[in-house]
1. Mind putting a number on the dipole of the protein assembly as shown about its Cα centre? Charges go on the C-beta only, +1 for Lys and Arg and -1 for Asp and Glu, and I need it in Debye to the nearest 20.
2. Can you compute the modelled spin-label distance between A:K49 and B:L78, with each label point 7 Å from Cα toward Cβ, in nm?
3. Please compute the Kirkwood hydrodynamic radius of segment B:84-225 from all pairs of different C-alpha atoms, in Å with one decimal.
4. Going toward the positive end of the dipole of segment B:1-153, with +1 on Lys and Arg Cβ and -1 on Asp and Glu Cβ, which of B:T17, B:N63, B:N88 do you reach last?
5. Per the Debye formula with a single identical scatterer at each Cα and no solvent contribution, what log10 I(q)/I(0) holds for segment B:1-125 at q = 0.13, 0.21 Å⁻¹?
6. Run lengths n ≥ 4 of DSSP H only: what is the helix-derived mean residue ellipticity at 222 nm for chain B, with -39500 (n - 2.57) per run over all residues, to the nearest 500?
7. Lys and Arg at +1, Asp and Glu at -1: add these up for the other residues within a Cβ distance under 15 Å of A:P43 and post the number.
8. Please give every one of the lysines within straight-line cross-link reach of B:K41, meaning a C-alpha to C-alpha distance under 25 Å, and leave out same-chain neighbours fewer than 8 residues apart.
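Computed from the coordinates by the stated procedures, all read-outs in this text should not be read as laboratory data. Remember, predicted model here, so these are calculated numbers, not experimental data. Glycine gets a Cβ as well: all are built from the backbone with ideal geometry, and neighbour counts include every protein chain shown.
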Amino acid sequence: MTGIFKNLSETVKRRVPLKWVVIFIAVQITAVAAAFLIFGLIPVSREVKNITATYGLDKAADKSALSENADLLFKIREREHYDSFLRSALALSKSDSISLLIDLSDSLAILSLKGVFLFQTKISEIEFNKGLDKLPVFLRDSLYSGPFMVEREFASIEKFPVVVKKAPKDTTEANADNSAPVLPTQNDVFVLLAFANNLVIEINQEEDDLAGSVKAWREYKKGYSKFFKEHNLALFKDKNAPEYLYRIKISIPREDARSIYRALPLKPFVLVRY
Amino acid sequence: MKSNTSKLIFAIATAMTAAVLTLFLFHKSETLKDHSFIFFKYPQTPGLYATKDSVFISKQLKNTEKRIAASLRKLENLLPYGPYLLINTTQNKFVLRTRKEVIREGICSTGSYILLEAGDGKQWMFKTPKGMFPILGKIVDPVWIKPDWAFVEESLPIPPRNHPDRLEYGTLGDYALTLGDGYLIHGTLYQRFLGLPVTHGCVRLGDEDLEIVFRSLNVGSRVYIF
């Protein structure tokens, strides 16, 4: 073992032959290229092929027709999408649970219960990932609008900020307890909602500074990485696993994000208007 | 021999660096996929109306607008006719409003989410229920009938049901609106705690706010708690 280290230091000390440097760089470039191919290009290529074949995009109608009535076609698509959004909102109003409506067109996140808008906040930033951005609009409207039930969720804050308190043993302890209320810690708000159709919605606080504990934020980031790692690992284990996750990120004020996350029940319904 | 060992070390170092790099890139798969989309695009899809003429599309557009107007009317009809109260339990704020305008808004106090453990297996969770609640009753000068947990919290012996020790006057303010299951909207002696989650599940309002809410809402009026 000592010999190996001795040799290593000698190797480092000596001038490394150019051939070795070239080989080293070539191997690393090959690794990067292979990783890009396996983890990036192949899943995306499969996803694009799958979408194109499933929805017959390759047999699309004549493009010349598109240019003639482009404005009118755009308008009717937008209005029909709004019509379907409203009809979905009406359908959701029959439920007894609070649901989340994300109106990207008007930049609003809305909590709705039985058709009544309980709370709404302005979305300051909207971000789509490339897959969702490139998806033909009619497919995005019909596949990723919902209403969908959240399949998996996690956040940097607790859903129920429970504080456990033991009953006081005597009246002296009880009087001491009454002097100040026990308040839960207010951490920063980052929420990830995942749906069965490969859609992921991230609701992040718009404030850059962290007001709460760094530990809570790190825990969230850990869960966040784990979520995507699990998704990518599933691709190797299961042939039918989804190749690509369509992502929407919205930013809203911290306290509004907290209100929205805490108001929503477990497995809430979410509706999106693009 | 020396040269062979160096070669081995070099091979191991190269392979390990490549493996670490690959693992790192696996970790960044989502970014790689996003970059990969640069090389792909979907065929242009004109959609359902592409082959139709502008007259047909305009007619369809008119029909869609009619459907939108009808849906908006239906949604508006879902709103309560009279005044209603919205309570945000996270921000401890309330809004008293009608379909068209806000009558009053301000701070309130809602459930503390304290789980009180009595030690003998008994426990109480002090949270405000969420959902839509109709006002079931309106009380002037309400009297608080103290539940068991109020005695446990003060470390006092729990009196039997209907015992006079359970009655407390003046604690709930001048008015109370009942929501069912023992939950009330009422006033408070602890005005300094308004805006904080400190209650045992009821909604506490400041004196002036309570009076306006009490006078605006009737039995059957809706309270939305979220």
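1. That gives the protein assembly as shown a dipole magnitude of about 2200 debye.
2. That separation, rounded to one decimal, is 4.3 nm.
3. 15.6 Å
4. Looking along the dipole axis, the top candidate is B:N63.
5. Reported log10 I(q)/I(0), two decimals: -0.92, -1.21.
6. The per-residue figure over chain B is -10500 deg cm²/dmol.
7. +4
8. List returned: A:K49, A:K59, A:K63, A:K75, A:K130, A:K134, A:K239, A:K249, B:K28, B:K33.
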